[in-house]
Amino acid sequence: MDIDQKKIQEMIQNGLQYGHRRSKTHPKASPFILSTKNNIEIINLETTFFKLQEAITTIKNVLDQKGLILFVAAFPTSENFIRDIACATKQPYVLNRWTGGLLTNFKTINERIKYYSELKQQIEKGELSKYTKKEQVDKEKELEKLKMKFEGLTSLTHKPDLMFIVDPGYNKTAVLEAKKSKIPIIAILDNDDDPTLIDYPIPANDSSSSSI
């Protein structure tokens with residue numbers, strides 16, 4: 001595959017090439033580094049281009065086979081983008097703090113997700129009228145707490161076939177659970193992350209909104 005120079009230029013304009021300080025570079029991330037400028041690592045965007053194409057192909061294959069992709073971006077700068085792509089592809093997502101055991105204790109967590117969906121439907125249909133006012137308030141408070149954890153997971157009917165993570169260092173628990181569950185991972189990662197933990201790494205600035 002030839003490099004699309006227009007895409008490379010677009011990446012430059014959006015700051016994908018800017019990593020963290022050189023002192024933060026993970027030893028195994030060095031193959032992704034092109035140079036250093038003012039003590040900031042510059043990511044090789046030609047590598048990014050090819051890794052991105054590989055990731056896109058992988059995503060398309062999973063979607064074509066009706067598989068599930070779990071999108072994870074528990075960081076403010078990436079939340080809106082990840083919600084949009086997950087909703088557009090009708091896939092589950094995590095935007096807030098990762099719920100421990102989501103993959104490694106899937107059966108139990110999935111029961112909580114089902115309970116959240118049922119409680120939400122009950123409230124929307126006005127079926128809480130049989131309870132006292134205090135009980136209704138308690139149920140509504142419970143729903144809000146569950147919503148923080150499970151709002152994007154109602155379509156997670158089984159363990160995902162693929163994970164897409166923004167900043168695996170920040171979302172390291174999600175990475176560890178995916179590895180234990182033998183679920184392949186695509187990740188946008190910076191020079192401070194270990195790319196060998198990721199099946200399909202996309203080296204790029206993983207904290208800038210424009211880059212993501």
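The values are calculated or read from the model by the stated rules, or taken from the named source; none is laboratory data. Model, not experiment: these values are computed from the prediction. Please note: Cβ atoms are built from the backbone with ideal geometry, for glycine as well, and neighbour counts cover all protein chains shown. The area values use the complete protein model at the heavy-atom level, side chains included, leaving out ligands, DNA and RNA. Shrake-Rupley method; radii C 1.70, N 1.55, O 1.52, S 1.80 Å.
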- prompt: What residue, among those in the range 8-29 that are open to solvent by 100 Å² or more (accessible area, probe 1.4 Å) and charged (D, E, K, R), is farthest from the chain's Cα centre (by Cα)?
  reply: R22
- prompt: So which residues in the range 120-154 are within 30 Å of the chain's Cα centre (by Cα) and hydrophobic (A, V, I, L, M, F, W, C), if there are any at all?
  reply: I123, L143, L146, M148, F150, L153
message: Tell me yes or no: at least one residue of the range 39-49 is open to solvent by 60 Å² or more (accessible area, probe 1.4 Å), out of contact with any helix residue (DSSP H, G or I) (no Cβ under 6 Å at 6 or more places or on another chain), modelled with pLDDT of 95 or more and farther than 23 Å from T173 by Cβ.
response: yes
- request: Residue by residue through the range 83-112, note down the ones that are open to solvent by 30 Å² or more (accessible area, probe 1.4 Å), within 13 Å of the chain's Cα centre (by Cα) and more than 14 Å from T154 (Cα to Cα).
  value: D84, I85, N96, R97
Filter result (modelled with pLDDT of 95 or more, touching a Phe, Trp or Tyr at 6+ places or on another chain (Cβ under 8 Å) and among the polar types (S, T, N, Q)) within the range 186-207: N191, N205
task: Among the residues of the range 50-72, write down those that are farther than 15 Å from P201 by Cα and aliphatic (A, V, I, L, M).
output: V62, L63, L68, I69, L70
- prompt: Do you know which of the residues in the range 50-59 that are of a type outside the set (D, E, K, R) and within 17 Å of S211 (Cα to Cα) is least open to solvent (accessible area, probe 1.4 Å)?
  reply: A55
message: Taking the condition of being touching a residue at least 24 places away in the same chain (Cβ under 8 Å), touching a Gly at 6+ places or on another chain (Cβ under 8 Å) and of a type in the set (V, I, T), how many residues in the range 2-61 meet it?
response: 4
message: Based on this model, can you work out whether L68 counts as of a type outside the set (F, W, Y), within 13 Å of L156 (Cα to Cα) and open to solvent by less than 60 Å² (accessible area, probe 1.4 Å)?
response: yes
- request: Identify, by number, the condition in (1) crowded, with 19+ Cβ neighbours inside 10 Å; (2) modelled with pLDDT under 95 that V62 doesn't meet.
  value: (2)
task: Would you check which residues across the range 163-212 are more than 22 Å from P92 (Cβ to Cβ), open to solvent by 50 Å² or more (accessible area, probe 1.4 Å) and not hydroxyl-bearing (S, T, Y) and list them?
output: D192
